[in-house]
Amino acid sequence: RHNFSDFVKPASSKGKSIDDIHLTDEELGLYLDLAPFLNPSPYIVPEDMSLAKVYNLFRQLGLRHIFVVPRPSRVVGLITRKDLLLEEDGNTATTELQSTSVSAEPT
């Protein structure tokens, strides 16, 4: 069995720890908005997924990282293949996606 420290890399190449960094009250009140750099829909895997399957995801999708989430997840919607099929509109020459409402029951 492994523990967290088996997978932790040093925070810096200079051997400094997070405890060696001291911030002022003013610095603690500052923040950096990283939202423009984040993927709003990252790849995720359940915590009990096999390492072989995770490895295949990295190889097939060219991933650099992936989030691990608890297994008991709640379904919030369903999209079927039919929802994504293109449908010819009889009145015009345009093609558009079918509009289907996907919603979750309130908790």
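None of the figures in this text is laboratory data; all of them are computed from the coordinates on show. Small disclaimer: the values here were computed from a predicted structure and weren't measured. Using ideal geometry, Cβ is built from the backbone for each residue, glycine included, and neighbour counts are taken over all protein chains shown.
Numerical summary
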item	result
Inter-label distance, nm, simple model (7 Å from Cα along the C-beta direction), D20/S73	3.9 nm
Length released on extending from L28 to Y55, taking residue separation times 0.36 nm less the Cα-Cα span	5.9 nm
